[in-house]
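Only the coordinates and a few stated rules stand behind these numbers; no lab work does. A quick note: this is a predicted structure, and the numbers were derived from the prediction, not measured. Backbone-built Cβ (ideal geometry, glycine too); neighbour counts: all protein chains shown.
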Amino acid sequence: MTVYEIPSTPKTLLHRIVQFRMPVVLALLIVMVTVLTDGSFAKPANLVNVARQISFEALIAFGMTLVIVTGGIDLSVGSLVALTGVAAALVMRATLDTPPAVCISAGLMAGCGVGALFGTTSGIIVTRFSIPPFIVTLAAMLIARGFAFIVCNGQPVYELPKDLIYLGRGFVLESAIGRVLPVPVLLLLLGFAGFHILLSRTVMGRRVIAVGSNEEAARLAGIPVRRTKLLVYMITGGLCGIVGLLQDAKLMAGDPKVGEMWELNVIAAVVVGGTSLFGGRGTIAGTLIGALIIGVLNNSLNLLHVEHFWQKVVLGLVILLAALLDAALRRLGRR
Amino acid sequence: MTAAPLRLQCSGMCKSYPGVLALDGVNLDLAAGTVHALVGENGAGKSTLVKLLSGAAPPDAGSVEIDGENVSIRNARHAQQLGIAVVYQEFNLAPDLSVSENIFLGRWPSAPRRPWIDFPKLHDQTAALLATLGIRLSVRQPVSTLSVAQQQMVEIAKALSLDAKILILDEPSAVLTPHELDTLFELVKDLKNRGVGVIYISHRLDEIFRIADDVTVLRDGRNVSTRTIQTVERDRLITEMVGRELKNEFPPRCCTIGDVLLRFENLTARNRFNDVTLDVRAGEVLALTGLVGSGRTSVAQTAFGAVRADEGTVSLAGRHRRFTTPRQAIAEGVAMLPEDRRREGLLLERSIRENITLADPGASATWGFLSHRRERNLTRRLMNDLQIKALSPDTQVATLSGGNQQKVLLARWMARSHRAMILDEPTRGVDVGAKYEIYTLINRLAAEGVALLLISSELPEVIGMADRIGVMHEGRLMDILDNPARATTQEQIMRLAAGEIDTR
């Protein structure tokens with residue numbers, strides 16, 4: 001047999017830039033806003049603040065990344081945060097006389113349970129009846145939002161265990177290391193590690209990628225396509241339950257109005273992070289960077305006292321710019 | 001060479017991609033009114049040359065003359081204006097638009113300064129064009145309702161609607177039945193008579209000897225030879241293409257045939273096939289052939305859980321099995337190499353490693369956690385074993401040649417052993433050298449005692465590889481021919497496939 005000598009592709013600087021394009025964009029952005037704000041952006045207290053601000057939506061974005069990599073979409077996440085938050089709050093109010101750990105655990109289970117139930121239902125409808133996930137989760141979004149108001153009669157639930165506030169506003173080891181690591185940020189880091197390993201290093205993650213990359217090929221290779229899809233919606237729903245409880249803890253109330261527009265912010269973070277809406281391509285690290293880009297922007301626009309309405313315009317333009325840059329750099333890298 | 005004036009003269013064409021020199025000074029002369037076959041293994045540079053001529057990519061060096069005039073092709077539109085038309089293997093048709101809308105796509109006639117299409121004029125123009133080409137099609141019919149062969153005719157008509165002087169056909173026969181191929185050849189002959197120069201790319205040597213006037217062999221991006229067809233010998237051509245001596249197109253197989261492993265009994269799936277009974281033994285290659293649409297793929301797929309039978313039974317090693325998903329079939333040791341590797345087989349954007357481990361990712365995992373190192377080792381071993389030519393286990397599958405892609409799919413199933421394997425058109429779009437390697441792999445699987453069901457439209461392949469040949473016609477298994485000496489004739493098979501005789 002002939003042995004073919006294949007030259008190795010030279011790794012030029014350009015290729016490296018293309019490979020790490022999103023971190024490069026983030027770094028440039030950070031340098032830019034640091035200069036523009038005369039360094040007040042880079043103050044430790046502000047950086048901790050940015051991390052805390054993005055933590056809720058970024059956590060959901062990790063689940064959303066899985067959904068989008070399978071080629072799906074979940075529009076119900078914002079409403080689910082509201083519904084699961086209210087559900088958790090109601091359960092906690094009902095169990096106020098038990099020890100705080102029990103009470104909060106009960107709330108968490110209620111929130112996750114409701115979220116996972118909604119996610120699973122959406123997943124079943126998507127897989128069994130072949131209805132586009134856009135429509136199914138759009139319906140779920142309306143239904144969940146409606147129920148969020150119905151179960152609490154439209155009134156936020158205030159009577160919550162006092163210790164809950166630690167989850168929303170506390171810091172890890174505050175007495176030892178100071179106000180460095182907010183609890184939600186710790187959860188964000190744990191979530192990042194868990195979902196990163198799940199997508200890149202487990203059989204389940206490989207199935208997610210395969211289904212989104214070529215569903216028919218995946219089916220013919222023996223991948224349980226339906227089960228895989230169902231699972232990603234279930235996981236994302238459950239994740240909404242966790243965030244719903246964190247939201248309760250932050251506000252010390254179960255409020256049916258929270259989470260408006262979150263679905264779009266979350267999808268924006270995923271897409272800015274380089275995940276393809278057509279499925280099959282995406283990483284959790286990219287999503288974290290996408291969430292950071294949006295978070296840094298929001299924060300610096302505030303620091304720069306940009307008017308609220310203009311903030312939206314700038315954010316929209318930046319998302320567009322990031323997508324254009326991503327596409328241009330990827331084309332360069334292919335040449 | 002032919003005495004006619006040169007339509008196209010390419011000289012010194014060069015093109016490189018990162019890490020690959022795809023074309024290295026290739027010359028090609030195409031005379032008016034002739035068919036010039038372009039042959040070579042996958043990756044020899046044929047597609048790259050087509051890309052340069054169609055304006056899809058600029059050459060690094062070299063000159064192109066059309067009718068004696070030096071041109072530099074700027075883009076696809078410019079190539080069309082210069083009279084170069086390309087019909088690709090994969091069609092670019094809008095399925096919901098009609099035949100005429102497709103043929104004049106983007107150039108629909110309209111009254112001056114009016115936004116709407118002048119449909120009567122469009123249909124008249126189309127009808128006139130089809131009449132001159134001798135193609136009989138209804139101009140108002142949506143393209144999605146046409147057969148593959150008819151869609152190809154639409155593509156050709158579309159290519160020629162711009163008054164093309166040079167027509168490039170890139171593997172046109174891959175999707176055609178023998179009868180449809182005859183129609184295509186008549187059309188090509190007609191075009192020849194009208195002075196069109198045709199570049200014909202194909203892996204099937206039989207066709208080239210039927211239709212071509214000249215043959216150019218490319219290998220590793222360079223010219224190997226150009227000769228008129230009368231002076232070419234078949235074996236010589238193969239040797240030139242692969243750059244080494246291939247003693248035989250089909251490697252010999254010597255192994256003992258064992259017990260029945262896979263058995264279909266009175267199997268029926270409504271609207272697909274009727275009352276099929278056959279068995280495949282361990283170590284045996286049973287070919288299932290027939291025209292496209294005769295139900296051969298559906299029969300095989302019932303054993304893989306991809307098609308459900310209404311009546312009858314499938315048994316595996318003597319036990320009745322009714323698989324409802326491929327997953328169940330795979331768990332019981334049945335594997336399938338699908339017909340359309342890009343659509344049904346590969347994750348094109350992903351790596352060789354991810355593609356090979358797809359059917360059994362758990363093999364390189366502990367408690368559900370994958371070890372990339374174990375995956376790479378497994379992939380390297382199989383790449384070595386199956387002679388998959390690629391940079392590394394992490395190379396994207398889309399960048400590989402057709403033959404190597406097919407070997408990646410085979411490797412997926414060879415990562416562990418199976419009891420029965422269905423191979424649906426395993427050598428479609430694969431070059432001669434890789435074909436031989438795939439045949440060798442099939443023989444190796446047979447020697448390991450796998451029951452092999454080979455579905456193929458290529459009769460030489462069927463005769464050269466199968467121990468027995470089942471021929472299907474319109475959902476019925478007409479007969480199973482014994483083929484121990486590889487001596488069945490193509491005519492015998494064709495007559496059964498056409499439904500002419502029924503020996504059952």
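The orientation-averaged projection of the convex hull spanning the C-alpha atoms of segment B:347-415 amounts to 4.0 square nanometres. With no solvent and one point per C-alpha, what does the Debye sum give as log10 I(q)/I(0) for the protein assembly as shown at q = 0.04, 0.06, 0.08 Å⁻¹? Debye curve over Cα of the protein assembly as shown, log10 I(q)/I(0) at q = 0.04, 0.06, 0.08 Å⁻¹: -0.23, -0.51, -0.86.
Given segment B:6-242, report the % of alpha carbon pairs whose separation exceeds 26 Å. In whole percent, the share of Cα-Cα pairs in segment B:6-242 beyond 26 Å is 39. Amide H to amide H distances under 5 Å link B:L288 with B:L454, B:I455, B:S456, B:G470, where only residues 5 or more positions off or on other chains count and H is placed in the peptide plane.
Annotation for segment B:383-418 versus segment A:281-323: alpha-carbon center distance of 42 Å. Taking amide H atoms as placed 1.01 Å from N in the peptide plane, the amide H of A:F171 lies under 5 Å from those of A:V183, each 5 or more residues away in sequence or on another chain.
Over the C-alpha atoms of chain B, the Rg to Rh ratio, Rh being the Kirkwood estimate, stands at 0.98. Of all DSSP beta bridges confined to the protein assembly as shown, the antiparallel ones make up roughly 60%.
The label-point distance for B:N75 and A:L332, in a model that sets each label 7 Å from Cα toward Cβ, rounds to 2.2 nm. Extension gain, A:K312 to A:A27, is 100.4 nm, computed as 0.36 nm per intervening residue step minus the present C-alpha separation. Between the amide H of B:V450 and those of B:G283, distances stay under 5 Å, these residues lying 5 or more places away or on another chain, with hydrogens modeled in the peptide plane.
Remark: the B:C255-B:D182 segment gains 22.5 nm on full extension, using 0.36 nm per residue and subtracting the alpha carbon distance.
Sites listed here are trypsin sites (Lys or Arg not before Pro) in segment A:176-226 whose DSSP assignment is loop and whose Cβ has at most 16 other Cβ atoms within 10 Å: A:R179. Projected label points at A:A45 and B:S144, each 7 Å from Cα along the beta carbon direction, are separated by 6.2 nanometres. Rounded if a/c is under 1.5, else prolate if a/b is larger than b/c, else oblate: which is segment A:196-325, with a ≥ b ≥ c the root eigenvalues of its Cα gyration tensor? Oblate is the answer for segment A:196-325, as a/c is 1.5 or above yet b/c matches or exceeds a/b. For A:F171, B:F273, the sequence from fewest to most other C-beta atoms within 10 Å is A:F171, B:F273.
Modelled spin-label separation between B:R444 and A:I165, with each label point placed 7 Å from Cα along the Cα-to-Cβ direction: 7.0 nm.
For segment B:98-106, putting each phi into the Karplus relation 6.51 cos²θ - 1.76 cosθ + 1.60 with θ = phi - 60° gives couplings of 6, 4, 5, 4, 5, 4, 9, 3, x Hz, in residue order, rounded to whole numbers and with x for Gly and Pro. The convex hull defined by the C-alpha atoms of segment A:85-228 has an orientation-averaged projected area of 11.6 nm². Only helices enter this figure: runs of n ≥ 4 DSSP H residues, each worth -39500 (n - 2.57), summed and divided by the residues of the protein assembly as shown, yield -15000 deg cm²/dmol at 222 nm to the nearest 500. Counting only residues at least eight positions apart within a chain, or on another chain, the lysines with an alpha carbon under 17 Å from that of A:K250 are A:K162.
Helices that extend 27 Å or more along their long axis by alpha-carbon positions and average at least 1.0 on the Kyte-Doolittle scale are, among the DSSP H runs of chain A, A:44-69, A:100-129, A:284-303, A:308-334. With contacts taken as Cα pairs under 8 Å at a separation of at least 6 residues, chain B carries a relative contact order of 15 percent. How would chain A be classified by its alpha-carbon gyration tensor: rounded, prolate or oblate, with rounded meaning a/c under 1.5 and the a/b versus b/c comparison settling the rest? Oblate is the answer for chain A, as a/c is 1.5 or above yet b/c matches or exceeds a/b.
Straight-distance candidates among the lysines for linking to B:K15, with alpha-carbon spacing under 18 Å and chain neighbours fewer than 8 residues away dropped: B:K46, B:K51. Starting from the Cα gyration tensor of segment A:15-159, take the square roots of the eigenvalues, sort them a ≥ b ≥ c, and report rounded, prolate or oblate (rounded when a/c is under 1.5, otherwise prolate if a/b is larger than b/c, else oblate). Here segment A:15-159 falls in the oblate category.
Put in order of Cβ neighbour count within 10 Å, fewest first, the listed residues B:H179, B:H473 become B:H179, B:H473. Checking every one of the GluC sites (Glu not before Pro) in segment B:377-464 against DSSP loop status and a limit of 14 other Cβ atoms within 10 Å picks out B:E448.
Look at B:V299, B:V217, B:V292 and count the other Cβ atoms within 10 Å of each Cβ; fewest to most, that gives B:V292, B:V217, B:V299. Spatially, segment B:61-90 and segment B:292-331 are offset by 49 Å when compared through their Cα centroids. For segment A:41-328, averaging the sequence separation of C-alpha pairs within contact (under 8 Å, six or more residues apart) and dividing by the residue count gives a relative contact order of 35 percent.
Between the beta carbons of A:N153 and A:I131, assuming R0 = 30 Å, the FRET efficiency works out to 0.40 to the nearest 0.05. Taking all Cα pairs closer than 8 Å and separated by 6 or more residues, the relative contact order of segment A:184-335 comes to 21 percent. The gain in end-to-end length when the A:A193 to A:D38 segment is fully stretched comes to 52.5 nm, 0.36 nm per residue minus the alpha carbon separation. Using the alpha-carbon centroid of each, what span in Å lies between segment B:436-504 and segment A:53-83? After rounding, the separation between the Cα centres reads 53 Å.
For segment B:1-86, trypsin sites (Lys or Arg not before Pro) are listed when DSSP marks them as loop and at most 10 other Cβ atoms sit within 10 Å of their Cβ; the list is empty.
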